[in-house]
Structure formats: C-alpha cells, structure tokens
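Student: One structure follows; several queries about it will come next.
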Amino acid sequence: MFASFIQKSCMLGLLAFTCLTPGSSLLAQKMTPLEKVELKQARKRAKKATRAIRKCFKQCKIPKRDLYKIALFIETELPKRVAAENRYYYSRVKTRLARTIELDPRTNKVFIHLKQHGLKKLGRGACKKVTYSILYSTTHPKKVAYSLANRPNENEAQATLDLKDGKRLYKVISVLTDSRNQGSNKFSFVSKYYEMGDFANFLNKKRQSLKFKDKFRFCRDIMIGIQSMHSKSYAHRDLGLKNFFVEKRRGKVRLVVADFGRAVKDGYTNEKGAQGGYSLCAPEGLDYNSLQGDDYLRTDIFALGCTFYKILYNTKPVWINLDQIKDTNVPVKTRQEHYIHALEQYRKKRGRELNQLCDQSKRFCQARLEKIILKMIHPDPLLRPTAAQVCQMLKDMH
C-alpha cells in the first residue's frame, strides 16, 4: 500500500513545494495533465488534514500556513524521501518545516512531533521525556504522547512490543527505531494520550470524593494489567502511582498500567533493585543480587500490596520504616530480619482485627480487600499469591 503511495507521490514532491512560491507557474505549466490532477488532489488532502488537525488540537501552536506546509510535505515529499534515503525521521533542519516528522515503517503511520515549541511537556522520568505529537490523518488525526529516551532502552522496546494490546495495559501505537543512526539501541514510543493524566495526580485531586467501590475498581484494574504482564513472564518492577494512567470508559474512571522501562522477562536484568524505590520493596528485594527468575514476579505482588494500601488509606503502609530499610550502615541481613519481624507483627495483629470485621460484614467490603493485601505482603515470597490468584480473589469479592 505504501509502495504504491510512494510511486504516485514521488513526482509531486518538488512540484508541490515549488508551487507554493512566487514564480512557480512556469514549472506548473510543464506538468502533465495527470500530474496536475494528482497535485490538486494532494493539496485538497493537505487542506483537509490542516482543518482536521486544528480541530483536534486547537492549542498545537502551529500557524495554519505552516501546518498546511507540513501536511503537503507528508502527502507529496515524504514518500519520495523515504524511498530515496531509507530513513524515517525528518527534523525541522532537514525539511525547513515548522515541526519534526516521523514515519513508522511497520504501520505506515506518520507523526508530527510537537515537542516543546510553546507547549508544556507531558512528563519526565529519570531516563525519558514525554511530549505531545499528532498522529497524522486527513480525517481523524489524534493527539498522542511521544516518549523519547536519553539512554539505550532496547529491553523496554521489546517489552512494549511483546505486551502490546494486553488487557489493562496502556495503548501503544508505535515503537520507533532511530533511523538517523544505524544500529542505534535507542527507541522512542508513541502511545495514546491519556487526558486525565497519571493516577498519583488524580488521587491528589479526587481523593476525598472517592468511595470504596471506586478504590476497589482501581485495585482490580491494576491487578488485571499486572496479570497481563505476568502471564507473559514479565515483571513490572516500578509500580508507583505515577505509572498508572487514568481514563474514562462508559462513565467510569478506569486505570491502565504504563511505563515498561524497568520491566524484565524471566528475571534477566542487569539493573539493580526489585522496585523503583524502597517504599514498595519486599524484604528479599533489599538483597537484589540474590533475585532471579520468578522472584521479580513475587516482588511485584508485594509492591502491589503496598500500592493497594495507599489507595485505600491515603498513607504509606504502616509496615514500612524507610529510615530503617534504607540504612546502608546496617548489614542487609539485619535489615531484612527487622523488616520481616515488623511485617509478621503487623500481619498477626491486623489479621485478628480484620477477622472480627469480616464476620460482621458483607462479602464486598474494605476489610475483605485488606485481608487480600495481607496475603500479598507475606514475608515469605513463596507464600504470596500469584497475580492470577489475586485477580480471582478480587473477582470473588465483587
């Protein structure tokens, strides 16, 4: 499909752009009738795309004439350049257009990267920056998120491809290689734009108005997403609230699991740490050099137990003593022993309290969810439930 598009468009590229400038009528007169018809159609598509993009993203900060030039380039010049140069990334310097353009050769989708030309960035992590892009279309363009890494991230790229379209995982549109540098191991990602933002920000704004049924739905959404990963032997390893995105579906607020930058498959990783921070770290995660294979799946479950507690009570888990856990002056084994002791004491005491509450309450209640959390934070990783088992427990509650 794209090859035929290239053949039709190659002869239009130079003509289209020279016809935008004064004194170009002479060149236009040399065009064949077929070329004139095709150029006219390309201009129509470019105008249509310009209107659609301005309607889709009113604050894109691109003047109408500049946006039209970009659309005309995509309709005419881009296929010719791709065929001749075998590259897919065209910067403003290369094209003298207002914004950078990139083609995904796997899907033939074209993106206009807005970056930070008068626009705020969507987010920033330790190793990446997220900005706006536009998925080009003459009829239904979309505002999307563009994530650009500042270090090699081939593992994230592979995980993103393997997990694409997984249930309750964020929607990835394209994984893009750096065609400017042959053999590059840096990848960028285009994903759905989640207008409601990340879950941490959402909780800060809406916490007071949330009911238990909302919190339960959030926990279940997250668990389904993690089960999608674990079923393919991937552990997430960075389950902070900022790595869940919020969307509205059928009138309800729902969550998706995002950011696979620390994801590992089958436990193989050169990166340190069971989780992105100590606040979600399981006891065995303090000695991260000992972790292997399914250990990372189990540390994910522990981290989710901590996350669910935060969602329920708007506070860090009471069993976490960060000062003690992070004190590197104390041997790892000693810190683990103190941590496990604190967990056992809390689980024993809270378990008795919850048993009394559950005897008097319904199946669908906060006490029963907290009993599941107690199982997820078991000090012995082998006694924690799997993601599939937690999903079933949550399903049985509802």
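Rundown of residues vs (1) at pLDDT 95 or above; (2) touching a helix residue (DSSP H, G or I) at 6+ places or on another chain (Cβ under 6 Å), yes/no style:
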position: Leu255; (1), (2): yes, yes
position: Gly267; (1), (2): no, yes
position: Tyr288; (1), (2): no, no
position: Asn321; (1), (2): no, no
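Student: Continuing with this model, one more query. Hey, any hits in segment 94-117 for a residue that's without any contact (Cβ under 8 Å) to a residue 12 or more places away in the chain, surrounded by fewer than 15 Cβ atoms within 10 Å (Cβ to Cβ), over 21 Å from the mean Cα position of the chain (by Cα) and assigned by TED's automatic domain parsing to the domain that holds Lys55?
Tutor: Yes: one or more hits.
Student: Does segment 64-92 hold any residues that are in contact (Cβ under 8 Å) with a residue 12 or more places away in the chain and of a type in the set (Ser, Thr, Tyr), and which are they?
Tutor: Selection gives Tyr68, Thr76, Tyr88, Tyr89, Tyr90.
Student: Of all the residues that make up segment 146-161, how many are outside any loop (DSSP other than H, G, I, E, B) and surrounded by 21 or more Cβ atoms within 10 Å (Cβ to Cβ)?
Tutor: 5
Student: Checking Asn181 against (1) assigned by TED's automatic domain parsing to the domain that holds Thr100; (2) in a helix (DSSP H, G or I), which single condition isn't satisfied?
Tutor: In the conditions (1) assigned by TED's automatic domain parsing to the domain that holds Thr100; (2) in a helix (DSSP H, G or I), Asn181 misses (2) alone.
Student: For segment 232-247, name all the residues that are of a type in the set (Lys, Arg) and either modelled with pLDDT of 95 or more or under 19 Å from Arg298 (Cα atoms) (or both).
Tutor: Within segment 232-247, Lys232, Arg237 qualify.
Student: Among the residues of segment 207-248, which ones are of a type in the set (A, V, I, L, M) and over 26 Å from Lys128 (Cβ atoms)?
Tutor: Hit for segment 207-248 is Leu210, nothing else.
Student: Filter segment 272-316 for residues that are without any contact (Cβ under 8 Å) to a residue 24 or more places away in the chain and assigned to a helix (DSSP H, G or I) and give the result.
Tutor: If the condition is that a residue be without any contact (Cβ under 8 Å) to a residue 24 or more places away in the chain and assigned to a helix (DSSP H, G or I), then Gly285, Tyr288, Asn289, Ser290, Tyr313 are the ones that fit.
Student: Going by the structure shown, is Lys371 in contact (Cβ under 8 Å) with a residue 12 or more places away in the chain, crowded, with 16+ Cβ neighbours inside 10 Å and either in a helix (DSSP H, G or I) or of a type in the set (S, T, N, Q) (or both)?
Tutor: Taking the combined requirement at face value, the residue satisfies it.
Student: Could you list, ordered by first residue, the pairs with Cβ atoms under 8 Å in which the first is in segment 40-63 and without any contact (Cβ under 8 Å) to a residue 24 or more places away in the chain and the second is of a type outside the set (S, T, N, Q) and assigned to a helix (DSSP H, G or I), at least 6 apart or interchain?
Tutor: What qualifies is Thr50/Lys64; Thr50/Leu67; Thr50/Tyr68; Thr50/Ala71; Arg54/Lys64; Arg54/Leu67.
The values are calculated or read from the model by the stated rules, or taken from the named source; none is laboratory data. Keep in mind the model is a prediction, meaning the values are calculated, not measured. FYI the Cβ positions are ideal-geometry reconstructions off the backbone, even for glycines, and counts take in every protein chain you see.
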